[in-house]
Amino acid sequence: MKSLILKDIYNIMHNMKALVLMLFIFLFITIPQGGAAAYVITCCILCAMMVVTTFSFDENAKWEKYAMIMPISRKDLVLSKFVILLCFCLFGTVFGGVLGIAGSAIIGRFHITSASEWQELLAVCLAGVAISFFLGSLVIPLLFKFGAEKARTLMLAAFLLPVLLCLGLYYLLRSFGIELTDSVVLLLTCISPLVLLLWTAAMYRISFGIFKKAEF
Amino acid sequence: MKPILQVENLTKQYPDFTLDHISFSVPRGTIVGLIGENGAGKSTTLKGILDLIRKDDGTVRLFGEELTEDRKDMKEDIGVVFDGIHFHESLTPAKIEKISAAAYKKWNTQTYHDYLKQFALPADKEIKTFSKGMKMKLSIAAALSHDPKLLILDEATSGLDPVMRDDILDVFLDFVQDENHSILMSSHITTDLEKVADYIAFLHNGKIIFDKEKDELIYRYGIIRCSSSQFEKLDKEDILACRKKDYQWDVLVADREKAARRYKDFVIDNATIDDILLLYVKGDVLS
């Protein structure tokens with residue numbers, strides 16, 4: 001497992017300059033419009049999508065065939081992709097958080113002395129990790145099934161699916177007269193870690209099911 | 001003593017190809033060469049052994065036990081070199097060392113660096129700057145640096161120049177000096193196998209044609225070069241395979257000396273592995 005994580009980190013470090021440049025460009029686009037919160041979410045999602053790049057690198061090198069002759073199980077390989085996704089999401093939130101605060105403070109949209117703004121941003125950072133990990137987890141089974149190139153195309157459709165489901169649920173609840181009050185939102189926020197955990201477990205099982213059948 | 005690798009009835013069916021009940025073994029302290037034309041099933045056999053494909057039938061026993069994907073301890077004892085490098089092009093030998101050291105419990109940094117030095121490979125240069133030969137040497141260095149008991153090589157010497165091939169073959173011969181070490185190598189370069197192999201397994205159209213000691217093949221087998229009229233006089237029982245050329249017949253026999261005694265006026269040459277392979281693949285097989 002450690003070797004697989006190391007391998008992905010070494011490979012991504014090679015692309016680090018391009019990633020950091022892209023994150024800086026988004027800094028100037030996002031901060032004036034959406035503030036630090038929007039920038040954090042953007043960073044998290046952009047960094048999470050680096051998991052697609054790791055698959056692309058692996059495909060080019062036909063790494064999976066080699067990995068399977070090393071003392072590494074298929075479970076390890078699948079799990080490593082979820083671990084590296086989490087690493088990317090955490091990197092995104094830290095990077096986005098630090099630069100987002102600095103950028104917003106410079107243009108006066110974030111007040112360093114305001115405890116409530118810090119609390120709000122911390123909540124956004126956590127939400128950023130959760131959202132990007134959720135979306136990244138959705139992509140991993142596609143990557144195992146279709147490979148990096150096809151998965152890139154299917155990714156947008158895959159992202160639309162949970163959005164449409166949430167919207168559908170929202171309108172369904174509304175049609176039954178259930179409004180999204182503060183208490184409902186709080187309840188949803190409280191159960192979101194459990195939902196994310198169950199979601200990750202489901203995506204891991206699907207990914208492993210696909211990779212278990214793979215031949216090299 | 002049990003062989004280090006025992007393959008029994010290994011079968012894998014594809015829509016256009018079948019690996020058909022392959023059986024052979026790799027005894028301890030030996031090098032077994034796997035030969036055959038392109039598409040004969042050599043790589044499929046190696047993949048079957050390494051559990052990289054799902055077998056339709058048969059068993060593969062490594063060190064007396066069946067290899068399954070959760071047997072990490074068994075994988076520790078196997079070094080593999082494929083026909084191309086599978087490390088990412090942006091990595092360096094130094095980074096590969098860190099990745100491999102994290103994977104293998106028995107990874108030996110000193111051995112790895114000794115091989116890098118022996119093969120003149122720079123530790124901090126990216127693989128994409130390496131020639132094909134350098135990439136193969138790096139794969140061999142990585143495969144040998146975790147103290148494997150069995151080396152599986154798929155066309156590992158194909159990208160190397162004759163001088164480097166000779167050096168690498170010496171490394172392989174050193175490796176099997178330990179009686180608990182063995183090598184299974186597939187190769188198109190049959191002269192390499194003539195130098196180092198103890199046994200030759202010949203695959204043709206997904207089937208094992210023979211699995212014999214190399215010395216028997218090159219010291220006992222012979223090729224009778226004869227005219228059509230002479231060919232008619234040959235006892236067909238003596239013929240393993242034959243091929244008609246423009247003006248002569250090439251006839252493979254299993255016992256050169258016996259043939260020389262029986263057919264006194266015939267020209268009988270030593271058979272190389274290439275000759276044997278060509279006669280089996282392009283000629284008519286009689287027995």
For the pair B:Lys245 and B:Gln13, the simple spin-label estimate (label points 7 Å beyond Cα toward Cβ) gives in nm 4.1
Could you order A:Arg205, B:Arg261, A:Arg174 by accessible surface area, starting with the largest, using a probe radius of 1.4 Å? A:Arg205, B:Arg261, A:Arg174
Relative contact order for the range B:1-69 using alpha-carbon pairs under 8 Å, separation at least 6, rounded to a whole percent? 43
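Nearest 100 Å², what total accessible surface is buried between chain A and chain B (probe 1.4 Å)?
Numbers: alone 12730 and 14160 Å², together 24110 Å².
Roughly 2800 Å² of accessible surface disappears when A and B pair.
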Just tell me which lysines come within less than 19 Å, Cα to Cα, of B:Lys282; anything on the same chain fewer than 8 places away is out. B:Lys42, B:Lys207, B:Lys236, B:Lys244, B:Lys245
In Å², nearest 10: area of B:Trp249 left accessible to a 1.4 Å probe: 40
Coordinate range along principal axes, alpha carbons of the range A:159-212, Å, largest first: 45, 22, 16
Given a cut-off of under 8 Å on Cα pairs at least six residues apart, what relative contact order in percent is computed for the range B:220-285? 43
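Could you tell me which of the pairs B:Lys12/B:Lys214; A:Lys212/B:Lys212; A:Lys81/B:Lys135 are separated by over 29 angstrom between their Cα atoms in the structure shown?
On the way: B:Lys12/B:Lys214 27 Å; A:Lys212/B:Lys212 37 Å; A:Lys81/B:Lys135 27 Å.
Checking Cα-Cα distances, A:Lys212/B:Lys212 exceed 29 Å.
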Test of understanding: in a Gaussian network model of chain B with alpha carbons linked when under 10 Å, which of B:Lys95, B:Lys12, B:Lys149 would top the mean-square fluctuation ranking? B:Lys95
Explain nothing, just compute: Karplus ³J(HN,Hα) = 6.51 cos²θ - 1.76 cosθ + 1.60, θ = phi - 60°, for every residue of the range A:30-47 in order, whole Hz, x for Gly and Pro. 7, 4, x, 8, x, x, 4, 4, 5, 5, 4, 4, 4, 4, 4, 5, 4, 5
Given the options A:Ile29, A:Ile45, A:Ile178, state which has the largest fluctuation in a GNM of chain A using a 10 Å cut-off (strictly under) for Cα springs. A:Ile178
Which order do A:Leu138, B:Leu252, A:Leu86 take when ranked by solvent-accessible area (1.4 Å probe, heavy atoms of all protein chains), largest first? A:Leu86, A:Leu138, B:Leu252
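Taking a cut-off of 37 Å, what percent of all Cα-Cα pairs in chain B are separated by more than that? Could you put the intermediate results ahead of the total?
Values: 8575 of 41041 pairs.
Roughly 21 percent, once rounded to a whole number.
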Using a 1.4 Å probe and ignoring any ligands, DNA or RNA, find the accessible area of A:Tyr170 and quote it in Å² to the nearest 10. 80
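Once R0 is set to 30 Å, what does the formula 1/(1 + (r/R0)^6) return for the Cβ-Cβ distance between B:Asn180 and B:Asp269, expressed as a FRET efficiency to the nearest 0.05? It would help to have the intermediate numbers written out before the result.
Working: r = 38 Å, r/R0 = 1.28.
About 0.20, to the nearest 0.05.
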Please build a GNM for chain A, connecting alpha carbons under 10 Å apart, and tell me which residue among A:Val129, A:Val20, A:Val94 fluctuates the most. A:Val20
Between A:Leu196 and A:Ile5, the two model label points (7 Å from Cα along the beta-carbon direction) sit apart by a distance in nm of 1.8
What whole number of Å gives the distance from the Cα centroid of the range A:43-60 to the Cα centroid of the range A:140-195? 21
Direction-averaged shadow area of the convex hull around the Cα atoms of the range B:238-287, nm²? 3.5
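What fraction of the Cα pairs in the range A:1-156, stated in percent, has a spacing above 19 angstrom? Working shown, then result.
Working: 6713 of 12090 pairs.
Percentage above 19 Å: 56.
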Please report the antiparallel percentage of the DSSP beta bridges confined to the protein assembly as shown, to the nearest 5. 70
At 1.4 Å probe size, with no ligands or nucleic acids counted, give the accessible surface of A:Phe176 in Å², nearest ten. 150
Could you tell me which of the pairs A:Lys2/B:Lys75; A:Lys75/A:Lys213; B:Lys105/B:Lys128; A:Lys7/B:Lys98 are separated by over 20 angstrom between their Cα atoms in the structure shown? B:Lys105/B:Lys128
Derived scalar couplings ³J(HN,Hα) [the range B:270-281; Karplus, 6.51 cos²θ - 1.76 cosθ + 1.60; whole Hz; x for Gly, Pro]: 5, 9, 8, 5, 4, 4, 4, 4, 4, 5, 5, 7
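The values are calculated or read from the model by the stated rules, or taken from the named source; none is laboratory data. As the structure is a computational prediction, the values presented were derived from the model and not from experiment. Positions of Cβ are generated from backbone atoms using ideal geometry, with glycine treated the same way; all protein chains shown enter the neighbour counts. Ligands, DNA and RNA are stripped out before the accessible areas are found, and what is left, the full protein with its side chains, is counted by its heavy atoms. Shrake-Rupley method; radii C 1.70, N 1.55, O 1.52, S 1.80 Å.
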